[in-house]
Amino acid sequence: MEKYGLYTPRVAPQKEYFAAGHRACVGCGEMLAVRLVCKALGKETIVINSTGCIEIVSSLFPDTSWEVPWMHTLFENSAAVASGVESAIKVMQRKGKYADGKVNVVAMGGDGATLDIGMQALSGAMERGHDFVYVCYDNEAYMNTGIQRSSATPYGAMTTTSPPGKKSIGQQTWKKDMPAIAVAHNIPYVATASPAYPFDLMEKVKKAAATKGPAYLQIFSPCPTGWRSAGEISVKLARLAVETGAFPLYEVENGKYNLTMDFEKLRPITDYMKPQGRYRHLTESDIVLIEKKLHEQVQELRDKSSR
Amino acid sequence: MAKKVGTEVSFAVADAVKLADVDVIAAYPITPQTHIVEKLSEYVADGELDAEYICVESEHSAMSACCGSSATGARTFTATAGQGLELMHEVLTIPASSRLPMVAAICNRALSGPLSVWGDHSDLMGVRDTGWIQIIAENGQDVHDLTIAAFKISEHKDVMFPVMVHMDGFHLTHVIEPIVIMDQEDVDKFLPPFEYNNKLDPASPVSQGTYAPPHIYPEIKKAQDVALVNSKETIKAIWKEYGDLFGRYYNPIETYKTDDAETILVTMGSFSETASLAIDKLREQGKKVGLLRVRLWRPFPFAELRDAAKSAKTMIVLDRALSFGGPAGPLCSEIRSAFYQEKNRPQIISFISGLGGRDIDPEDFEAMIARGEDIAKNGSDSEYEILGVRE
Amino acid sequence: MLSWKDIPMGAIVQTPGSAKEYRTGDWRSQRPVWDLSKCIKCGLCYIYCPDASIGWKDDGYPQWDEFHCKGCGICATECWTKAINLVEETE
């Protein structure tokens, strides 16, 4: 993708639906992802936003960064709110009370809102088969509340509630495999994406929006504040996460896996970990263990893709 | 012509919702609400009601889906009870603050633990301060009429608040009563279509549910509170219009033989009809007693209450909920507040009874009035007394 | 400052993208400067900007939005031809 990415930015949709003037941290990878998602979705879109960084930085009353209809209610329920929006449009179009035409109903939230507190609502909405897209922006911890661990925090990472110490390595559990949980709901489209690969990301968003029924996207979202990394390398870190196997890019269409970005040889995980303060405490043997696990996971995805 | 039929009260709720031509229903089953949503499911399955019924996976998601539905401009309904209302609690403040019209039938139920599926007002009191309009029904006819009127109240441009219609679980929801079920034509005449100016629509993007730091949050909350307080006049006007059209009138405070009453019993909900039997009996004995029922719980009708109880020397308030370790039953606290600034305020006695579905008979009400008058004369050791409990 | 009487019903915001009026450029400690002799007008800086602060002019060269750019430096890191340098803000 990167090969021809060089000349294609100029053909990307020019219109911004997530406007400048948001109050996100300098170098926020999540807001870049949101901006790209909104570009891909276009005007005929309704966004339902969970509480979190995105909502806080974009909606300080009476300001809004949103150029599409946007609704925030709570932290854990955006998939359920989206269920109500989608059902309302469906019935009112049937009854002639709402303009005809396709509207993308898109729920979005962070990894805490998705993998932890909102997983029940998301599971319910996916199971019921609503025609909607759920986008999880995965920055691997509760960043808005001050970098506490979530079930998306990678093994070994330091957060304020998984501090490394004499009796702890930091995060003691492996990252929850949420895309697999989404796949287990037998929904038609599941994918991972990264802002370092903007055209792959936008293609997947478009595919998800065009899918009839539920679609789940998990988008890697570098957080310089939470990861103790420099703002100017947020995109670079997102790319390294893919190249090292820390965040593989793949899609699952009607149950069929497809690794959308693969490499003959994965880069050493230290290339990705070294610029991040959250991994600074790890020993060489810790890193070997992590790398082994990540490589196994990528291999598993390759195997599934070749089936 | 509207006709009177013998029907289960829960079905009269479902019929009201069908007559209102609701667009979206999102509900999760819980006793004693189930008969309402089962009947609605049948109406949708049979095509008698053209609506989307979202079988959500929890009450939290039910109320969340209702928020999304209402924000998109759809007429929206849900029903729940007890623990279900508790699970909804976090979401309830959203439609009140974002001004999203919807109607919720609440089949009042005791709260755990111990587990009780039977009725009292603990769930109702738990959601008192969520910012909803809260209306109390006493019988099946009330339930049917007030549910239809609730849609008009909720969606009125000067109101735009969600409305709860409370009805006692089992004691009301599961009884069969003769009820006049409204005609579709009449309902269509009374209830205009829901027009929502701020609906989620790509043609005119709005942002709903923004974030408010201390420099603006209090202004937003005052605006909300003033609007809720002001909604009382519209509620009264809509109930009057309903009465003028269909002959059944409803008021924020309902009275029974209170005109010259020196002792006034205050109740809320279906037990009021039982209480009136005790009033009749005591009146026959020449006692100047009356009954006052609170129909509108929020916004609370302070002026109407004071006006209705002008002659009272003693007010005896029945609560079917406990405010553990508090000053009185929650209804009594409101009544006491209403009269505190009055020069000639009555004595106001707090009783708690009928918890967890325990019956209160007419004789129990007589005993309650007698005990209340005794306390008014001789005082009591405690702020409130729990009656009908084995000592 | 708004009074409670100015609050629209439900505190709903009816002006899409009103946050554009908010100046985030003041946060900047460094600014991107383009060396147009190296710029190949590819637009990577545009696509990777988290603050939507880079567009382009009629001649195809980048248009920098001084009002919103927070100076994160992602554009400089990502520029393939090293046409963008970060310069300290002096004020």
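The values are calculated or read from the model by the stated rules, or taken from the named source; none is laboratory data. This one's a predicted model, so the numbers in the text were calculated from it and none came from an experiment. Neighbour counts run over all protein chains shown; Cβ positions are idealised from the backbone, glycine included. Accessible surface is based on the protein model in full, side chains and every heavy atom, while ligands, DNA and RNA are left aside. Shrake-Rupley method; radii C 1.70, N 1.55, O 1.52, S 1.80 Å.
Residues checked against (1) of a type in the set (Lys, Arg); (2) touching a residue at least 24 places away in the same chain (Cβ under 8 Å); (3) over 23 Å from B:Asn378 (Cα atoms):
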residue: B:Arg293; (1), (2), (3): yes, yes, yes
residue: B:Ala309; (1), (2), (3): no, yes, no
residue: B:Thr314; (1), (2), (3): no, yes, no
residue: B:Leu318; (1), (2), (3): no, yes, no
residue: B:Gly329; (1), (2), (3): no, yes, no
residue: B:Ile335; (1), (2), (3): no, yes, no
residue: B:Gly354; (1), (2), (3): no, yes, yes
Matching residues in region B:146-171 - criterion: being of a type outside the set (Phe, Trp, Tyr) and over 13 Å from the mean Cα position of the chain (by Cα): B:Ile148, B:Lys152, B:Ile153, B:Ser154, B:Glu155, B:His156, B:Lys157, B:Asp158, B:Val159, B:Met160, B:His171
Please go through region B:98-121 and pick out each residue that is farther than 29 Å from B:Gly209 by Cα and of a type in the set (Gly, Ala, Ser). B:Ala110, B:Ser112, B:Gly113, B:Ser116, B:Gly119
Would you check which residues across region B:188-200 are under 25 Å from A:Ser58 (Cβ atoms) and either more than 7 Å from every other protein chain (Cβ to nearest Cβ) or surrounded by fewer than 19 Cβ atoms within 10 Å (Cβ to Cβ) (or both) and list them? B:Tyr196, B:Asn197, B:Lys199
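Conditions tested, residue by residue: (1) over 16 Å from the mean Cα position of the chain (by Cα); (2) open to solvent by 10 Å² or more (accessible area, probe 1.4 Å); (3) in contact (Cβ under 8 Å) with a residue 40 or more places away in the chain.
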| site | (1), (2), (3) |
| --- | --- |
| A:Ile169 | yes, yes, yes |
| A:Ala180 | no, yes, no |
| A:Val190 | no, no, yes |
| A:Tyr197 | no, no, yes |
Is one or more of the residues making up region A:42-61 farther than 21 Å from C:Cys72 by Cα and at the interface with chain C (Cβ under 7 Å from one of its Cβ atoms)? yes
What number of residues in region A:64-106 are at the interface with another protein chain (Cβ under 7 Å from one of its Cβ atoms) and either under 18 Å from the mean Cα position of the chain (by Cα) or within 30 Å of C:Glu21 (Cβ to Cβ) (or both)? 17
Residues of region A:108-144 satisfying the condition of being away from chain B (no Cβ under 14 Å) and surrounded by fewer than 22 Cβ atoms within 10 Å (Cβ to Cβ): A:Asp116
Are there any pairs, at least 6 apart or on different chains, whose C-beta atoms fall under 9 Å, with the first in region A:251-274 and open to solvent by 80 Å² or more (accessible area, probe 1.4 Å) and the second at pLDDT below 95, and if so, which? A:Lys256/A:Arg307
So for region A:116-138 (the condition being without any contact (Cβ under 8 Å) to a residue 12 or more places away in the chain and assigned to a loop (DSSP other than H, G, I, E, B)), does at least one residue qualify? no
Test: A:Tyr279 is under 22 Å from A:Leu36 (Cβ atoms) and open to solvent by 10 Å² or more (accessible area, probe 1.4 Å): no
Is it the case that A:Leu74 is of a type in the set (A, V, I, L, M, F, W, C) and part of a loop (DSSP other than H, G, I, E, B)? yes
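This table checks each residue for (1) over 22 Å from the mean Cα position of the chain (by Cα); (2) at pLDDT below 95; (3) within 28 Å of B:Thr72 (Cα to Cα).
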residue	(1), (2), (3)
B:Ala2	yes, yes, no
B:Val13	no, no, yes
B:Pro32	no, no, no
B:Asp46	yes, no, yes
B:Ala51	yes, no, yes
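Look at C:Ser3 and say whether it is under 30 Å from B:Gln208 (Cβ atoms) and modelled with pLDDT of 95 or more.
Yes.
Can you go through B:Val143, B:Val159, B:Val117, B:Val165 and tell me which one is in a loop (DSSP other than H, G, I, E, B), in contact (Cβ under 8 Å) with a residue 12 or more places away in the chain and under 21 Å from B:Ile253 (Cβ atoms)?
It is B:Val159.
Could you check how many residues of region B:75-97 are open to solvent by 10 Å² or more (accessible area, probe 1.4 Å) and in a helix (DSSP H, G or I)?
Going through region B:75-97 one residue at a time, the tally reaches 8.
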Does B:Met164 count as open to solvent by less than 10 Å² (accessible area, probe 1.4 Å) and more than 14 Å from chain A (Cβ to nearest Cβ)? yes
A:Arg10 fails exactly one of the following numbered conditions: (1) away from chain B (no Cβ under 13 Å); (2) part of a helix (DSSP H, G or I); (3) open to solvent by less than 10 Å² (accessible area, probe 1.4 Å); (4) not acidic (Asp, Glu). What is the number of that condition? (3)
May I ask you to say which residue of B:Ala110, B:Ala105, B:Ala149 is assigned to a loop (DSSP other than H, G, I, E, B), among the aliphatic types (A, V, I, L, M), assigned by TED's automatic domain parsing to the domain that holds B:Gln83 and buried (at least 22 other Cβ atoms within 10 Å of the Cβ)? B:Ala110
Scanning region A:145-166 residue by residue, the ones that are open to solvent by less than 10 Å² (accessible area, probe 1.4 Å) and on the phi > 0 side of the Ramachandran plot total 1
Lone qualifier among A:Leu217, A:Leu201 - being in contact with a helix residue (DSSP H, G or I) (Cβ under 9 Å, 6 or more places away or on another chain), part of a helix (DSSP H, G or I) and within 28 Å of B:Tyr211 (Cβ to Cβ): A:Leu201
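One line per residue, one yes/no per condition, for (1) surrounded by fewer than 20 Cβ atoms within 10 Å (Cβ to Cβ); (2) of a type in the set (Lys, Arg); (3) assigned to a helix (DSSP H, G or I); (4) outside the structural domain of B:Arg283 (by TED's automatic domain parsing):
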{"residue": "B:Ala338", "(1), (2), (3), (4)": "no, no, yes, no"}
{"residue": "B:Asn344", "(1), (2), (3), (4)": "yes, no, no, no"}
{"residue": "B:Ile348", "(1), (2), (3), (4)": "no, no, no, no"}
{"residue": "B:Gly356", "(1), (2), (3), (4)": "yes, no, yes, no"}
{"residue": "B:Asp359", "(1), (2), (3), (4)": "yes, no, no, no"}
{"residue": "B:Met368", "(1), (2), (3), (4)": "no, no, yes, no"}
{"residue": "B:Gly372", "(1), (2), (3), (4)": "no, no, yes, no"}
{"residue": "B:Lys377", "(1), (2), (3), (4)": "yes, yes, yes, no"}
{"residue": "B:Ser380", "(1), (2), (3), (4)": "yes, no, no, no"}
